[in-house]
1. Say we look at the stretch 22-41 and pick out the residues that are in a loop (DSSP other than H, G, I, E, B) and in contact with a Ser or Thr (Cβ under 8 Å, 6 or more places away or on another chain); which of these is surrounded by the most Cβ atoms within 10 Å (Cβ to Cβ)?
2. State all residues of the stretch 102-141 that are in contact with a helix residue (DSSP H, G or I) (Cβ under 9 Å, 6 or more places away or on another chain) and aliphatic (A, V, I, L, M); if no residue qualifies, say none.
3. Which one of these is within 25 Å of the chain's Cα centre (by Cα), over 18 Å from residue 49 (Cβ atoms) and in a helix (DSSP H, G or I): 158, 172?
4. Could you grab me the full set of residues in the stretch 85-118 that are surrounded by fewer than 17 Cβ atoms within 10 Å (Cβ to Cβ) and closer than 18 Å to residue 28 by Cβ?
5. Starting from the stretch 148-159, take each residue that is without any contact (Cβ under 8 Å) to a residue 60 or more places away in the chain and list its partners that are in a helix (DSSP H, G or I) and surrounded by fewer than 18 Cβ atoms within 10 Å (Cβ to Cβ), counting only C-beta distances under 9 angstrom and pairs at least six apart or across chains.
6. Looking at 164, 173, which one is farther than 29 Å from residue 56 by Cα and not aromatic (Phe, Trp, Tyr)?
7. Any idea which residue in the stretch 143-179 is farthest from residue 103 (Cα to Cα), counting only those that are in contact with a Ser or Thr (Cβ under 9 Å, 6 or more places away or on another chain) and β-branched (Val, Ile, Thr)?
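Derivation of every value follows stated rules applied to the coordinates shown; laboratory data play no part. Keep in mind it's a predicted model, so treat the numbers as computed, not measured. Here the Cβ is made from the backbone with ideal geometry for all residues, glycine too, and neighbour counts use every protein chain on show.
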Amino acid sequence: MGEASHDHETVSVYPLSEAQREELLTKAGECVVNWATSDNWPIGVMHSFVWKDGRVWVTFGAHRHRTAAIRRNPRVSIVVTSASIPGQGAGRTLTIKGRGILHEDAETKAWFYPALSYKGLTGAAAEAFVERLNSPLRVILEVVPEKWITFDGQKMGMDTAGVLPDDQRGPMLESDAVRMKRELERRGIA
């Protein structure tokens with residue numbers, strides 16, 4: 001075990017492992033989809049989602065402002081937290097910086113609507129939701145990840161207690177290794 005870190009500002013050393021990332025994306029029930037408005041304001045809306053083939057998939061109406069915004073600028077981000085996993089609670093988060101691709105084809109809708117519906121529902125309720133989703137105004141957003149930002153609060157808690165194994169600590173990222181030092185110096189903090 002390594003010595004506990006007492007620097008509460010250094011959090012980049014607590015990443016999710018690839019297996020934890022997959023589990024979070026598979027089990028979480030909702031995410032926030034963020035995009036930029038035409039006047040460059042960031043905005044986000046909660047969505048149920050499907051994680052498939054290394055991509056996040058969500059759906060919304062073609063008439064929504066986000067549809068026009070993503071067509072104009074496909075750079076989006078997705079935020080997922082473990083708080084939406086029954087019995088797990090908060091503590092693990094991930095953000096995906098990615099590119100959005102909008103789909104309106106029948107082939108994508110054919111697999112996506114049931115995948116989304118059966119993720120949280122069963123039987124007649126899931127079938128009814130599939131029918132409700134099946135609308136000519138509906139688009140499906142596929143988000144292709146380009147960058148990951150992850151955080152495991154459980155690792156931070158273990159490290160604070162001095163019980164985090166060294167092999168579970170990640171490398172310190174530039175934000176903590178370089179930028180934090182510069183900010184401390186700028187503020188005259190030793």
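1. Let us first name the residues in the stretch 22-41 that are in a loop (DSSP other than H, G, I, E, B), namely 28-29, 37-41.
Cutting the leftovers down to in contact with a Ser or Thr (Cβ under 8 Å, 6 or more places away or on another chain) gives us 28-29.
Working: 28: 21, 29: 14.
My answer is 28.
2. 102, 116, 121, 125, 126, 128, 130, 133, 139, 140, 141
3. Working: 172 fails: in a helix (DSSP H, G or I).
Sole residue among the options that is within 25 Å of the chain's Cα centre (by Cα), over 18 Å from residue 49 (Cβ atoms) and in a helix (DSSP H, G or I): 158.
4. Matches in the stretch 85-118: 86, 87, 88, 89, 90, 91, 97, 115, 118.
5. 158/168
6. Working: 173 fails: farther than 29 Å from residue 56 by Cα.
Selected residue: 164, the only one of 164, 173 that is farther than 29 Å from residue 56 by Cα and not aromatic (Phe, Trp, Tyr).
7. The extreme case among them is 160.
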